[in-house]
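Each remark here refers to the structure printed beneath this line.
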Amino acid sequence: MGRCRHIGVVSLFPEMLRSIFNTSILGRAASKGLVQYHYWNLRDFGTGSYHSVDDYPFGGGGGMVLKPEPLADALDCSIDFLRELTGGETPRLLYPSPQGRRFSQPVSEEWSGSSRPLLFLCGHYEGIDQRILDGYPLEEWSAGDYVLSGGELPCALMVDAVVRLLPGVLSNESSPVNETFSNGTFDYPQYTRPRVFRGQEVPEVLLSGDHQAIRRYREEVSRRKQQAVRPDLGGNQASVSR
Ligand code: SAM
């Protein structure tokens, strides 16, 4: 079992993330001591009597931009905290952004395999002042080719994809190994009881007890679906081992 991973979030709406990270597998991972989540509310670093965090963009244009001072102060504070907690490890600084590289399963495998803490900076409104991106080694990662209103949901999906891969988080240790994407193909269709549901029967081969035949059947159906839907993945036929 690996040691506890630390994941920090700087956000205007940390409650959004707290509720997701406290639920189901992400919550159980924390209860088991496999991961610790840390939150910094950007509002606490706001300037002036209103704790302001945003302002109008120079040069005009619609919307508001997150100001550099609160972002820098929140980053400095959270980076120092995580460094101290982990005996000097520098967190990987992550900025969810539609302009980033596309997040994917191999990326989540890389992040989950490293002991470095992850620190997410969640943007909002029109985004963050460019000088923060220029002044800190922030990696920009995109959740996909669409624009969301904030970085909280992309952060949540990236954290979910990483935490479920940490050793000990999933009860069935082999389950991440054969999942969709892990072998360049899709997972196979799953069936459970009852054997007949509204007239639809479970494929006979799954009841046969013939493990070779079951493996061949699963490879074939997952390969057919993957080639029809995502031929770009390439596929790897010898993938079904459970
Ligand atoms: N004006 C920005 C643009 O067009 O590139 C979009 C800003 S968006 C409304 C506000 C914030 O949501 C961004 O700063 C980013 O943190 C987050 N965000 C939006 N879409 C995202 C995506 N596809 N992946 C990751 N983060 C995203």
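The values are calculated or read from the model by the stated rules, or taken from the named source; none is laboratory data. Every value quoted in this text rests on a predicted model; they were computed, and no experiment measured them. Note that each Cβ is placed from the backbone with ideal geometry, even for glycine, and that neighbours are counted across all protein chains shown. Heads up: the accessible areas ignore ligands, DNA and RNA and are worked out on the full protein's heavy atoms, side chains in. Shrake-Rupley method; radii C 1.70, N 1.55, O 1.52, S 1.80 Å.
Some points to look at:
- Solvent-accessible heavy-atom area per residue, rounded to whole Å², over the range 5-163 at 1.4 Å: 48 Å²
- Calculated diffusion of the range 1-124, Stokes-Einstein form, Kirkwood radius summed over Cα pairs, 25 °C and 0.890 mPa s, µm²/s: 154 µm²/s
- Across all directions, the shadow cast by the convex hull of the chain built on its C-alpha atoms averages 17.1 square nanometres.
- A DSSP coil position with no more than 12 other Cβ atoms inside 10 Å describes the following trypsin sites (Lys or Arg not before Pro) in the range 110-213: Arg195, Arg198.
- The value given for the range 92-208 is a Kirkwood hydrodynamic radius of 16.9 Å, derived from the mean inverse Cα-Cα separation.
- Averaged over its residues, the range 175-229 has an accessible area of 71 Å² per residue, based on protein heavy atoms and a 1.4 Å probe.
- The range 129-181 - percent of accessible surface contributed by carbon and sulfur, probe 1.4 Å: 55 percent
- Rule-of-thumb Rg ratio for the range 175-229 [Cα; 2.2 N^0.38 Å; N residues]: 1.22
- Heavy atoms of Ile128: accessible area, 1.4 Å probe, square angstrom to 10: 20 Å²
- Net charge over other residues, Cβ less than 14 angstrom from the Cβ of Ala161 (K, R count +1; D, E count -1): -1
- Computed over protein heavy atoms with a 1.4 angstrom probe, the accessible surface ordering of Cys77, Cys155, largest first, is Cys77, Cys155.
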